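Working notes, structure below.
Taken together, the values in this text are just the output of simple stated rules run on the coordinates, not laboratory data. Not measured: the values here are computed from a predicted model. Cβ atoms come from the backbone with ideal geometry, glycine included; neighbour counts cover every protein chain shown.
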């Protein structure tokens, strides 16, 4: 059993405590919301899947969004333009920055 597998199995019913390297600082218990995200990440890693963490309010390019969804950029842009994408809304288009997609909050 590798480390990711052991940690993924332990996290759902456990907790995560960060122990600072500086012995003068106190250990910090992570909140349950962060522990559940770590458990999900480790579960994907245990299965050999790649994981990418993206902030809720991050804006990405249409190419980055297409890469995440494993579709072509023109196909994604067409869906967004037609309002058929529940998951992405075009938020900005300017020649100097290109078109951006706002990722939805969960």
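General observations
- Stretch gain in nm, segment residue 16-residue 32, where the contour uses 0.36 nm per residue and the Cα spacing is subtracted: 4.9 nm
- Modelled spin labels at residue 6 and residue 44, positioned 7 Å past Cα toward Cβ, are 2.4 nm from each other.
- Peptides 27-34, 47-54, 70-77 ranked from most to least packed, by the mean per-residue count of other Cβ atoms within 10 Å: 70-77, 27-34, 47-54.
- Spin-label model, residue 70 to residue 24: label points 7 Å out along the Cα-to-beta-carbon direction sit 5.1 nm apart.
- Model label zone, residue 79; criterion: amide N under 17 Å from point 7 Å along Cα-to-beta-carbon; scope segment 35-70: 60-70
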